[in-house]
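Notes follow once the structure below has been shown.
The values are calculated or read from the model by the stated rules, or taken from the named source; none is laboratory data. Source: prediction; values computed, not measured. Backbone-built Cβ (ideal geometry, glycine too); neighbour counts: all protein chains shown.
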Amino acid sequence: MGVIQRQGVNLTIINYIGVVLGTINMLFIYPKILSANEFGIFKFVTQTAQMLFPFALFGIGSLSIRFFPNFKNEHNGHNGFLTLLLGAASTVLALFSILIYFFYRPIKEAYAANFGDYVQYLPYLVPITCCMGLISVLSGYSSNFQRMLVPHSLNNLFIKLCTGGLCIALFMRWLDFSNLMAGLVFSYFLVLLLIILYLTQQGLFNLTFNFNFIRKPILKSMGGYLVFGFLGNISTALALQIDSFMVGTMIDLKSVASYSIGFFIADTIDIPRRSIETAASPVLAQAWKDNNLIEIKNIYRKSSLNLLLAGLFIFLGIWLSVDLLFEIMPNGEKYVAGKYVILLLGFGKIMDLATGINAQVIGYSPYFRFNFYSILALACFNILCNLLLIPHFQLIGAALATMIALTLFNVLKLIYIYYRWFMQPFSKGSLLILAIGAGSYTIAWFLPDTQNLIAAIIFKSFVFATLYIGAALLLNVSPDISNLVKGYIRKIQNHNG
């Protein structure tokens, strides 16, 4: 876990800097500067593009890590693997754009009633989706070389700086809302360009091609994986990311804004998983190629423990101060409907974290097709739940549908991994983490509020964090985290000495 731990920590730090920037944007800048409808279309476009790009890529992004060990060769530009990926990705994204062009009129008519004049911004989905797709391919490719930090920083931090800056420019009347939306598209294009320049500077942007290497057996393997990767990505988007899209489709843009705030806050719980997955995926792909089941089991077990420890800390810390948070947020009373979205999505995220990086364990194995079958079933189930629950419970219905989908999906993967390889991620440490979380939260929750809201948040959060982190380190719940903290302490002591 050395490389995974080191890269995971670095990515987590970047992600939480992104959380700070995102919090400033989502809770203070957007609600203050944008109207509810402007906020709604702004998030609808970006979140729908996030849902669509795996579909538009036709699963090509799934090849970038899974098949790199087969192409790996430093002396000849890795047999043109990057050229193959970019050529295929550009082709399918172009076809996606043409398809949207031909169906744009009925799409526009379908959304005109809910979106009004803001329906004119729907076409911005296409360039943003294409940029997201190419960024995903290049970021996945760069992770094969442990070059994750710069692409991740650009895609996470730079975009948030750009969108916040665009809103401030709108507030200063340096541009209007249509210019802001155009600037949003340009921001994603700029990130794509900067990642290409970075890979070029690192000597990794090799657009060579080795026709002799591309043989029928490897093409057949890639084609089979591609089909299931494509169908799996569509199903994942439908199962786990369709909620915001359906809120905008079935309710209105103002509801998208409220749901987006709740979704954003709950999504911070998931950041450790994304960091660990990014760092662990190349290692898992190589371990499966070498049939190293001991290494795979070790990664699976440790990922569950560390992710539960980090995720529960974030979830309880958020819920401890959620009411105070909406009180200090500009126009918070307009968006407080997102409060229980945080709770329901948070429960789903904790289940996802507690079961470790199970999707990657299955996805890089010879039995990768299971991911597709299970997520397809859950996609259908989630859409049905949304259709049934949103009309009756509005935002809560969408969050509840996603929570149920996340929970069932992870239970299925948990059962399958145990059935296939006799692996399960839980240990006594998992129960100990739950006990630490319950005890720390209870003590902090009963603390009296102060007159100053910000001071109350800081005080309760400090007490909770001290109890939670202190107990976790004292009881050595996670040797990885304990050793990491001890290492930082030694560095500080040596520096001061």
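Condition first: more than 28 Å from the chain's Cα centre (by Cα) and either surrounded by 12 or more Cβ atoms within 10 Å (Cβ to Cβ) or polar (S, T, N, Q) (or both). Now tell me which residues in region 419-442 satisfy that.
Gly439, Thr442
Could you tell me which numbered condition Thr407 fails, if it satisfies all but one of (1) assigned by TED's automatic domain parsing to the domain that holds Ala266; (2) farther than 26 Å from Gly338 by Cβ; (3) of a type outside the set (A, V, I, L, M)?
Answer for Thr407: the failing condition is (2).
Which one of these does Leu447 not meet: (1) farther than 27 Å from Tyr300 by Cα; (2) out of contact with any helix residue (DSSP H, G or I) (no Cβ under 6 Å at 6 or more places or on another chain); (3) part of a loop (DSSP other than H, G, I, E, B)?
(2)
When you go through (1) over 27 Å from Gly262 (Cβ atoms); (2) surrounded by fewer than 20 Cβ atoms within 10 Å (Cβ to Cβ); (3) in contact with a helix residue (DSSP H, G or I) (Cβ under 9 Å, 6 or more places away or on another chain) one by one for Pro106, which number turns out not to apply?
Condition not satisfied by Pro106: (3).
Which one is surrounded by the fewest Cβ atoms within 10 Å (Cβ to Cβ) among residues in region 127-173 that are over 23 Å from Ser90 (Cα atoms) and of a type in the set (D, E, K, R)?
Ranking the qualifying residues of region 127-173, first place goes to Arg173.
Filter region 341-378 down to the residues that are at pLDDT 90 or above and of a type in the set (Phe, Trp, Tyr) and list them by number.
Listed by number, the list holds a single entry, Phe347.
Where the second residue is small (Gly, Ala, Ser) and at pLDDT below 90 and the first is within 11 Å of Ser321 (Cα to Cα) and lies in region 453-482, which pairs have Cβ atoms under 8 Å and are six or more apart or on separate chains?
Ala456/Ser321; Ile457/Ser321; Lys460/Ser321; Ser461/Ser321
Could you list, in sequence order, the residues of region 351-397 that are touching a Phe, Trp or Tyr at 6+ places or on another chain (Cβ under 6 Å) and either in contact (Cβ under 8 Å) with a residue 60 or more places away in the chain or closer than 16 Å to Trp421 by Cβ (or both)?
Across region 351-397, the qualifying residues are Gly356, Val361, Ile362, Tyr364, Ser365, Arg369, Phe370, Phe372, Leu378, Leu395.
Within region 386-406, is there a residue that is assigned to a loop (DSSP other than H, G, I, E, B) and over 25 Å from the mean Cα position of the chain (by Cα)?
No, because not a single residue in region 386-406 is assigned to a loop (DSSP other than H, G, I, E, B) and over 25 Å from the mean Cα position of the chain (by Cα).
Can Ile60 be described as under 30 Å from Arg369 (Cα atoms), among the aliphatic types (A, V, I, L, M) and surrounded by fewer than 20 Cβ atoms within 10 Å (Cβ to Cβ)?
Considered against the rule, which asks whether it is under 30 Å from Arg369 (Cα atoms), among the aliphatic types (A, V, I, L, M) and surrounded by fewer than 20 Cβ atoms within 10 Å (Cβ to Cβ), Ile60 comes out as no.
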